Amino acid sequence: MSKMTAKAFVDKAVDIAKNYKTLYVMGCFGAPLTGSNVSRYCNNHSYNKNATRTAMIKAAANQSPPVFGFDCVCLIKGILWGWDGDASRTSALIPRLPNAPG
């Protein structure tokens, strides 16, 4: 996997901010908030189980174009690992996961 430059990272972050609808969802790596992902992310973490957060996730569900869920760390990792906004993928949303953690 090639290294990403700081400029490419910032450009991708700005692209996501300007061109995709997103919502803070704890433990979410850019999954579209559609179908079974909605219940998955309403129940995957105690933060998301809070009634206010669950309501926000459900309100963002099944929109067209879809809303993508990220938490702060997963947004950074998603950018570095090649998140591309392909809403047709409901799992393995990141095309280039590294072979080793870090």
| query | Where residues in the range 1-14 are in a helix (DSSP H, G or I) and not hydrophobic (A, V, I, L, M, F, W, C), which of them is farthest from ARG89 (Cα to Cα)? | reply | LYS7
| message | What's the total number of residues in the range 15-33 that are part of a helix (DSSP H, G or I) and either farther than 16 Å from ASP71 by Cα or not hydrophobic (A, V, I, L, M, F, W, C) (or both)? | response | 3
| message | Can you report the number of residues in the range 47-69 which are among the hydrophobic types (A, V, I, L, M, F, W, C) and under 10 Å from PRO32 (Cα atoms)? | response | 4
| message | Pairs please, first residue from the range 74-87 and in contact (Cβ under 8 Å) with a residue 40 or more places away in the chain and assigned to a loop (DSSP other than H, G, I, E, B), second anywhere and surrounded by fewer than 21 Cβ atoms within 10 Å (Cβ to Cβ) and aromatic (Phe, Trp, Tyr), Cβ atoms under 7 Å, 6+ apart in sequence or on different chains. | response | GLY85/TYR20
| Pick from the range 34-46, criterion in a loop (DSSP other than H, G, I, E, B) and among the polar types (S, T, N, Q), ranking: surrounded by the fewest Cβ atoms within 10 Å (Cβ to Cβ) | ASN44
| Test: TYR20 is surrounded by fewer than 18 Cβ atoms within 10 Å (Cβ to Cβ), at pLDDT 95 or above and in contact with a Phe, Trp or Tyr (Cβ under 7 Å, 6 or more places away or on another chain) | yes
| request: Please find, within the range 47-75, the residue that is farthest from ARG89 (Cα to Cα) out of those that are surrounded by fewer than 15 Cβ atoms within 10 Å (Cβ to Cβ) and of a type in the set (A, V, I, L, M). | output: ALA51
| task | Inspect all residues belonging to the range 45-58 and state whether any of them is touching a Pro at 6+ places or on another chain (Cβ under 6 Å) and either hydroxyl-bearing (Ser, Thr, Tyr) or closer than 14 Å to ALA87 by Cα (or both). | result | no
| field | Condition met for VAL25 (in contact with a helix residue (DSSP H, G or I) (Cβ under 9 Å, 6 or more places away or on another chain), β-branched (Val, Ile, Thr) and at pLDDT 95 or above) | value | yes
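The values are calculated or read from the model by the stated rules, or taken from the named source; none is laboratory data. None of these values were measured; they are calculated from a predicted model. Glycine also receives a Cβ, built like all others from the backbone with ideal geometry; neighbour counts cover every protein chain displayed.
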